[in-house]
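Presented below is the structure to which this report refers.
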Amino acid sequence: MKAIVATDQAAGMAGVKLVERPEPQAAINDVVVQVCASGFTGDELSWPSTWTDRTGRDRTPSIPGHELAGVVTAIGYGTTGLSIGQRVFGLTDWYRDGTLAEYVAVEARNLAPLPGDVDFTVGAALVMPGLTAWQGLFDHGRLQAGQRILVHGAAGVVGSMASQLARDAGAYVIGTGRAAGRQTALDFGAQEFVDLDKDALEDVGEVDLVLDVIGGEIAKRSVGLVRAGGTFVTITGSMEARPAAGLAVDFVVEADRSQLSKIVRRLGDGRLRTNIGSEASLDDAVAAFNRTERSKGKTIIRPRP
């Protein structure tokens, strides 16, 4: 099968190439999925799990990508809950070969059924942004109706999903970003927009929840906006500052079948939409990831037309 592999951590994207690899086999509790659409997170090549297994042993060349939508083609011994020919979408294990390939072996529990009226591209674009936003808002942020939430990067793939989910839950959403992202952030559900280059972030006032995807100085300044009993949630891995009288959480997104089902149901109801920027074939994936200009929205790879 065709697959994108990462060969050299020091080389970064320069060490990523398209090769032929053996098709994966389904182990116990696994399924093999024919990948119809796949996502890639820009900083994957900096993750230790891209280069080693859980025991620390080198596993290069590795196949990156952890978001997928596709069709089950094989089922491993003891696997239940899915069937051959079923449309699925989900998030694969960080320490295993990923989804930038024609086929991938995945633990069945990491996948959810993808309704027949949802395009594979849309399904793949829901996975990482949807789960990250859901877990940040509800699992870690304990968001409730009537609360005020500050969403950083509201025009981005995670921020735009978070704004929609928070608005749907009855929260008041304040989005941030650069000036060029203002209309996109508002279109995706933000009720106010803060231009981080020109506006005073502190003018937002107190909020119940901050969802941070930026880190750095913006995160430090945002901590002071969290009211007593509120929560600061980040996915940046940095916790240099904490609210004086609130909770601070840094988390890594996890696969969750139940949450995926709830997210795709909201898509079907018209309460949620994806933020897709571009699509590319597997043959063109390396070029798509090496673009010099900043991508707007999620880049989705389609191994099959």
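The values are calculated or read from the model by the stated rules, or taken from the named source; none is laboratory data. Model, not experiment: these values are computed from the prediction. Here the Cβ is made from the backbone with ideal geometry for all residues, glycine too, and neighbour counts use every protein chain on show.
General observations
- Region 172-188: number of residues that are hydrophobic (A, V, I, L, M, F, W, C) and under 14 Å from Met161 (Cβ atoms): 3
- If you check Ala241, Ala255, Ala245, Ala219 for being under 23 Å from Gly42 (Cβ atoms), at pLDDT below 95 and hydrophobic (A, V, I, L, M, F, W, C), only one passes: Ala219.
- Scanning region 207-216 for residues that are out of contact with any strand residue (DSSP E or B) (no Cβ under 6 Å at 6 or more places or on another chain) and either at pLDDT 95 or above or under 20 Å from Tyr172 (Cβ atoms) (or both) yields one hit, Val213.
- Hits in region 32-55 - residues which are polar (S, T, N, Q), assigned to a helix (DSSP H, G or I) and over 25 Å from Val88 (Cβ atoms): Ser46
- Some residue of region 222-233 being in a loop (DSSP other than H, G, I, E, B) and surrounded by fewer than 15 Cβ atoms within 10 Å (Cβ to Cβ): yes
- Restricting region 181-206 to residues that are free of Cβ contacts under 8 Å to residues at least 12 places away in the same chain and within 24 Å of the chain's Cα centre (by Cα), the residue that is surrounded by the most Cβ atoms within 10 Å (Cβ to Cβ): Leu186
- Evaluating Val264 against the criteria (1) touching a residue at least 24 places away in the same chain (Cβ under 8 Å); (2) part of a strand (DSSP E or B) leaves one unmet condition, (2).
- Checking each residue in region 115-132 for being under 14 Å from Thr41 (Cα atoms) and either hydrophobic (A, V, I, L, M, F, W, C) or without any contact (Cβ under 8 Å) to a residue 40 or more places away in the chain (or both) picks out Ala124, Ala125, Leu126, Val127, Met128, Leu131.
- Every test in (1) part of a loop (DSSP other than H, G, I, E, B); (2) crowded, with 17+ Cβ neighbours inside 10 Å is passed by Thr236 save one, and that test is (2).
- Of the strands (runs of 3 or more DSSP E) contained entirely in region 56-164, those carrying at least 3 residues that are buried (at least 21 other Cβ atoms within 10 Å of the Cβ) fall at 67-75, 87-91, 103-107, 148-151.
- Matching entry among Ala255, Ala241 (being in contact (Cβ under 8 Å) with a residue 24 or more places away in the chain, among the small types (Gly, Ala, Ser), touching a helix residue (DSSP H, G or I) at 6+ places or on another chain (Cβ under 6 Å) and part of a loop (DSSP other than H, G, I, E, B)): Ala255
- Pair list, Cβ under 7 Å, 6 or more apart: region 12-31 residue free of Cβ contacts under 8 Å to residues at least 40 places away in the same chain and part of a helix (DSSP H, G or I), other residue surrounded by 15 or more Cβ atoms within 10 Å (Cβ to Cβ) and not aromatic (Phe, Trp, Tyr): Gly12/Leu45; Gly15/Ala6
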